[in-house]
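J.: The structure under discussion is supplied below as C-alpha cells; questions concerning it will follow.
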Amino acid sequence: MTGTERNIDDAVLEARRAAERAAERASDAAEDFGDEAGERVEDVIDAVGEVIRDVRDGASGAVENVAAQASAAASGARESLDEGVAYVKAQYRERPGVVIAIGAIAVLALGLAIKALTRR
C-alpha cells in the first residue's frame with residue numbers, strides 16, 4: 001500500500017467515525033426531543049382534562065340552578081292559578097252574571113285576536 005492509499009483509507013476511516021458520531025448525537029437528540037415532546041403532550045392532555053372537568057362542573061351547577069328556578073316558577077304559577085280560580089269562584093257566587101259576561105267578553109276578544117293573527 002502506498003502512502004497515498006493509506007492517507008485515503010485514513011480519511012475514509014475518519015469520515016466514517018465522524019458520521020457515526022454525528023448519527024449517535026442525532027439519535028440522542030431525537031430521543032431527548034421525543035421524551036420532551038411526550039411530556040409536553042401529557043401536560044396538554046392533563047390541562048385539557050382539567051378544562052373539561054371544570055366545564056362539566058360549571059354546567060352541572062347551571063343546570064341545577066335552572067332546575068331549581070323552574071321548579072320555583074312552576075310552584076308560584078300553580079299558587080297564582082289556585083288563587084285566581086278561588087277568586088273567580090268567590091265572585092261567581094256573589095255575582096254570577098258579571099262573571100259570565102266577563103268570560104264571554106274574554107272568549108270574544110280571544111277569537112278576534114286569533115282571527116287578526118291568522119289574516120297576517
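The values are calculated or read from the model by the stated rules, or taken from the named source; none is laboratory data. All figures in this text were calculated on a predicted structure; none of them were measured in a lab. Cβ coordinates were reconstructed from backbone atoms using ideal geometry, including for glycine residues, and neighbour counts include every protein chain displayed. Side chains are part of the model used for accessible areas, which takes the heavy atoms of the whole protein and leaves out ligands, DNA and RNA. Shrake-Rupley method; radii C 1.70, N 1.55, O 1.52, S 1.80 Å.
J.: What part of the accessible area of the stretch 68-112, given as a whole %, is carbon or sulfur when the probe is 1.4 angstrom?
T.: Heavy-atom surface of the stretch 68-112 belonging to carbon and sulfur, 1.4 Å probe: 69 percent.
J.: Sticking with this one: If I model a spin label at Val66 and Val51 as a point 7 Å from the Cα along the Cα→Cβ vector, what separation in nanometres do I get?
T.: 2.2
J.: Take the alpha-carbon centre of the stretch 49-67, take the same for the stretch 101-120, and report the distance between them in whole Å.
T.: 45
J.: Given R₀ = 41 Å, what would the calculated FRET efficiency be for Leu110 paired with Ala59, taking r from the Cβ atoms and rounding to 0.05?
T.: Working from the Cβ atoms, E equals 0.55.
J.: Give me the accessible area of Glu20, 1.4 Å probe, in Å² rounded to the nearest 10.
T.: Counting only protein heavy atoms, Glu20 exposes about 120 Å² to solvent.
J.: What does the charge dipole of the stretch 52-120 about its Cα centre add up to, to the nearest 20 debye, if the Cβ of each Lys and Arg holds +1 and the Cβ of each Asp and Glu holds -1?
T.: Dipole about the Cα centre, nearest 20: 540 debye.
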